[in-house]
Amino acid sequence: QKNAFDIVKSGKDGKSYRTDGRTNEDYYAYGQQLIAPCDAEVIVAVDGIKDNVPGKVNALYAPGNSILLKTRNDEYILLAHLQQQSISVKQGQQVKKGELLGICGNSGNSSEPHLHFHLQDAESLNEATGIKCYFSKLEVNGIKKTNYSPVKGDKIKEIENNHAGY
């Protein structure tokens, strides 16, 4: 999980939930569409893990509902903690940049709805090394940046159809 991102969506008040955070639906990230950051092949698509109650985790299958993509550069992208029964792609499928993959949820080793996103150099999660990921265009803490890799605490905002830089 080296160089991984846990992407949480927050409101104007900085909180990740609307009221008391007791249900998944109360979180801004829950139910958000997740799209392919680049053209890739679907290597793994897991879609049968129940969403957690916020504050509780399911460590049995840490990624939860997840998708592992293989890029044309032989790099692998993991998107984890998706909503149960939301994954719209299958193993072996070729996907195009911008194509819907699934919906943000709260499954696996996740205490609140968010997207876990990382690049790695091998298919196996146990054998892979994380690769630093740069985004082509972002607004970071109110400043426009190009080819930037966010760090913990950054408040990021997408700029026009930005996806991981491939």
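The values are calculated or read from the model by the stated rules, or taken from the named source; none is laboratory data. These numbers come from a predicted model, not from an experiment. Positions of Cβ are backbone-derived with ideal geometry, glycine not excepted, and every protein chain shown enters the neighbour counts. With ligands, DNA and RNA removed, areas are computed over all heavy atoms of the protein, side chains included. Shrake-Rupley method; radii C 1.70, N 1.55, O 1.52, S 1.80 Å.
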Worksheet item: Of 109, 141, 24, which has the largest mean-square fluctuation in a 10 Å C-alpha GNM of the chain?
Response: 141
Worksheet item: Taking a threshold of 20 Å on the Cα-Cα distance, which of the pairs 15/144; 15/155; 12/155; 70/90 fall above it?
Response: 15/144
Practice prompt. Kindly provide the pair-distance distribution of the chain built from C-alpha pairs, with 10 Å bins from 0 and whole-percent values in order of increasing distance.
Written response: 11, 39, 39, 11, 0
Worksheet item: How much length is gained if the chain between residue 39 and residue 96 is pulled fully straight, taking 0.36 nm per residue apart and subtracting their Cα-Cα distance, in nm to one decimal?
Response: 20.1 nm
Worksheet item: Given a 1.4 Å probe and every protein chain left where it sits, what share in percent of the accessible area of the chain is carbon and sulfur?
Response: 45 percent
Fill in: Stretch gain in nm, segment residue 136-residue 25, where the contour uses 0.36 nm per residue and the Cα spacing is subtracted
36.9 nm
Fill in: Where trypsin sites (Lys or Arg not before Pro) fall in DSSP loop in segment 107-160, at most 12 other Cβ within 10 Å
132, 152, 155
Worksheet item: In bins 5 Å wide, starting from 0, what share of all Cα pairs of segment 43-141 does each bin hold, as a percent?
Response: 3, 14, 22, 23, 20, 14, 5, 0
Practice prompt. Work out which GluC sites (Glu not before Pro) in the chain are exposed loop sites (DSSP not H, G, I, E or B, at most 15 other Cβ within 10 Å) and give the longest gap free of them.
Written response: 1-98
Response to the item:
With x for Gly and Pro, the residue-by-residue ³J(HN,Hα) of segment 103-114, computed from phi through the Karplus equation 6.51 cos²θ - 1.76 cosθ + 1.60 at θ = phi - 60° and given in whole Hz, is 10, 5, x, 8, 10, x, 7, 9, 9, 8, x, 5
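Please give the length that would be gained between residue 10 and residue 123 if that part of the chain were fully extended, namely 0.36 nm times their separation in residues minus their C-alpha to C-alpha distance (nm, one decimal).
Values: separation 113, 0.36 × 113 = 40.68 nm, distance 3.15 nm.
Between residue 10 and residue 123, full extension yields 37.5 nm more.
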Discussion item. For residue 35, what residues show an amide H to amide H distance below 5 Å, using hydrogens built from the backbone and excluding near sequence neighbours?
Written reply: 101
Practice prompt. Between residue 61 and residue 151, take the C-beta separation as r, use R0 = 25 Å, and let me know the FRET efficiency to the nearest 0.05.
Written response: 0.35
Item to complete: Kindly give the semi-axes, whole Å and largest first, of the ellipsoid equivalent to segment 6-58, taking each as the square root of 5 times a Cα gyration tensor eigenvalue.
Response: 25, 17, 8
Worksheet item: Which of the peptides 42-48, 114-120 is most tightly packed, and how do the rest follow, going by the mean number of other Cβ atoms within 10 Å of each residue?
Response: 114-120, 42-48
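With a 1.4 Å probe and every protein chain left in place, work out the accessible area per residue of the chain in Å², rounded to a whole number.
Result: 56 Å² per residue.
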